[in-house]
Amino acid sequence: MITSRGRVRIAQGIELRTCNNAMYAAGSRAKDMDGSITVIPAGFAEIIYLDAKGYRYINPLPTPVKDSRCLDHPNAATCRYHA
């Protein structure tokens, strides 16, 4: 369930992490990942931990969890952005 942009980022050496709680809310499971994405228990806790280590959080596309599937399938009938 990784996008082509995600694969490019991985090839560039960028580590991708996803929140298990957000995946569950969006209807996905850790077993749906192909092993190239690290599944973490809670995203907020990870953000706080990494912030304390000097990393900074950038959210280029704030999307509600319930709409996250619309990123890969923007024309799906269930997507509120459906054209």
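Distance between the 7 Å Cα→Cβ label points at A11 and R56: 2.8 nm.
Amide H to amide H, with H built 1.01 Å from N, T18 comes under 5 Å of T38, V39, I40, counting only residues 5 or more places away or on other chains.
Bear in mind that the values in this text are calculations on the coordinates, not laboratory data. Keep in mind that this is a model prediction, so the values were computed, not measured. Counting neighbours? That spans all protein chains shown, and the Cβs are built from the backbone with ideal geometry, glycine included.
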